[in-house]
Each structure stands twice: as structure tokens, then as C-alpha cells.
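Below is one structure, written out as C-alpha cells, with a few remarks after it.
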Amino acid sequence: MLGDFSRFHLAGAIGAGALLLATTNSWAVTAGQVDDFENGTTMRWSEGGATPNPPINVATGGPAGANDNFLRNVASGGFGAGSKMTMFNIAQWNGDYIAEGITEIRFKARVSKGGRLNVGVAFGASTGAQFSSTTAVVVANDGAWHDVVLPIGEADLTRVQGAASHAASMAAVTEMRIISSAAPAWRGDADYETLDDN
């Protein structure tokens, strides 16, 4: 499955405005943070070292059209590395979501190849717990960019591993994932898909 992604945003409870995440060494999540991919990199989004099809930065064709960069992720289906629609960030999306007042993740997505996607987020924490979107957002395979809004409050996420509370875990996030899964999960579905993000 082929998916395209564009402009990951973090929104706070008081509607913090979008702040461009440029080059920073702090690697701590902040309300209003944006990964817009305009710097030509994947902004540290990955599938892991063993994948044969890591996320790539595409220089044109995002929601704004020509010269609008976006991130493309491919799931090859079957088994093994690169088979699932899962990508993660262990850098600038780590930190204390509770203290920052972050209540949702927003981005634009489209399916460029494969079936529809059930898009959600998942979080790993230093508490040992993992949480995932309880309800995924369905992105149709129609070639259009769609707004995806994923709330991350206690009622919006399901614990899929560990025993620590939502509050303790979201205050100590060590990994954020974008996945395609109809049910709460840590790993996405093993489908042939391509997802674009902006």
C-alpha cells in the first residue's frame, strides 16, 4: 500500500498555532509543532533499519501542488520488514504531551496505491506501556488529500501493552507511530499500500 503524508501538526487544548519545526537539537515535543517536509528530508520518520522500503521525501505534489513536499510510506504486504503500514519517530515527537497540553495529532493523508487505510497513532512510553488510537480514521483510495484528526486523550487511546496509566505514559513518550489498523495496535496492517502525508 502506498500512502502520502503532509504537515504533521500537534494541537493543544487551547488551539495552539502551528509552529514550523525547523532544525532543533532539543528533540522535545511542543504544542503547535509541525513536520512539513519542506527541508527535503524525512524529518526522522522511519520504519527501522531493516526495511526495504523506508519512508521517502517527495519534492512535489503535496496538498498545495507543485513544489509542496510530502512524506511517502509503502507497505509491501506479506511478512517481515516493510510489510506493515507503520512508521515511527523517536526524535522530535518524544516528550511530555500532558505538560504541553497536546490533545490531538493532525495531518493530511492520501492513498496512492492499494485499498483504503484505517489511520491511527500509537505511542510508546518509558513506563513500558503502549497506547493506540481506539478508533481509526478511514482514508479512501480516491487519490485526494484528506484531513486526518486523531484525538489522543484518555478516552481516545487504548492501552495495548503494559499497565501504566494514560497520564503517566503520555507524560513520558519515547516513540510516536503512524499506523494503519482497524483495531488498536502497535503495528499496522500487513497490506500492499502506499500512504502519502503532508
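Only one residue in Ala59, Ala50, Ala99, Ala75 is touching a Ser or Thr at 6+ places or on another chain (Cβ under 7 Å) and either loosely packed, with under 15 Cβ neighbours inside 10 Å or not acidic (Asp, Glu) (or both). Which one?
The match here is Ala75.
Determine if the stretch 172-182 includes at least one residue that is modelled with pLDDT of 90 or more and open to solvent by 50 Å² or more (accessible area, probe 1.4 Å).
Yes: the stretch 172-182 contains one or more residues that are modelled with pLDDT of 90 or more and open to solvent by 50 Å² or more (accessible area, probe 1.4 Å).
How many residues are open to solvent by less than 60 Å² (accessible area, probe 1.4 Å) and among the β-branched types (Val, Ile, Thr) when one looks only at the stretch 136-156? Talk me through it step by step, then tell me what you get.
Applying the first criterion (open to solvent by less than 60 Å² (accessible area, probe 1.4 Å)) to the stretch 136-156 yields 136-137, 139-140, 143-146, 148, 150-153, 156.
Filter once more, so that each one left must be among the β-branched types (Val, Ile, Thr): 137, 139, 148, 152.
Counting residues in the stretch 136-156 that are open to solvent by less than 60 Å² (accessible area, probe 1.4 Å) and among the β-branched types (Val, Ile, Thr) gives 4.
Under 6 Å by Cβ, and 6 or more places apart or on different chains, what pairs join a residue from the stretch 143-159 that is at pLDDT below 95 and among the β-branched types (Val, Ile, Thr) with one that is open to solvent by less than 30 Å² (accessible area, probe 1.4 Å) and in a strand (DSSP E or B)?
Val148/Phe107; Val148/Ala109; Val148/Val119
Looking at (1) modelled with pLDDT of 90 or more; (2) outside any strand (DSSP E or B); (3) open to solvent by less than 60 Å² (accessible area, probe 1.4 Å), can you tell me which one Glu104 breaks?
The number of the failed condition is (2).
Quickly run through the stretch 165-183 and pick out the residues that are among the small types (Gly, Ala, Ser) and not in a loop (DSSP other than H, G, I, E, B). If you could, list the steps in order and put the result at the bottom.
Going residue by residue through the stretch 165-183, those that are among the small types (Gly, Ala, Ser) are 165, 167-169, 171-172, 180-183.
Selection gives Ala167, Ala168, Ser169, Ser180.
Name the residues in the stretch 111-127 that are assigned to a strand (DSSP E or B) and in contact (Cβ under 8 Å) with a residue 60 or more places away in the chain, would you?
Start the filter on the stretch 111-127 by keeping residues that are assigned to a strand (DSSP E or B), which leaves 111-113, 117-125.
Scanning the stretch 111-127 gives Val111, Ser112, Lys113, Leu117, Asn118, Val119, Gly120, Ala122, Gly124.
Does Arg187 satisfy the criteria of being open to solvent by 30 Å² or more (accessible area, probe 1.4 Å), touching a His at 6+ places or on another chain (Cβ under 9 Å) and at pLDDT below 95?
No: the conditions fail for Arg187.
For Thr24, are the conditions met, namely being at pLDDT 90 or above, more than 18 Å from the chain's Cα centre (by Cα) and among the β-branched types (Val, Ile, Thr)? Give the derivation first.
On the way: at pLDDT 90 or above: no; more than 18 Å from the chain's Cα centre (by Cα): yes; among the β-branched types (Val, Ile, Thr): yes.
Against the criterion (at pLDDT 90 or above, more than 18 Å from the chain's Cα centre (by Cα) and among the β-branched types (Val, Ile, Thr)), Thr24 does not qualify.
The values are calculated or read from the model by the stated rules, or taken from the named source; none is laboratory data. Not measured: the values here are computed from a predicted model. For neighbour counting, all protein chains shown are included, and Cβ atoms are generated from backbone atoms with ideal geometry for every residue, glycine included. All accessible areas refer to the heavy atoms of the entire protein, side chains included, with ligands and DNA or RNA removed. Shrake-Rupley method; radii C 1.70, N 1.55, O 1.52, S 1.80 Å.
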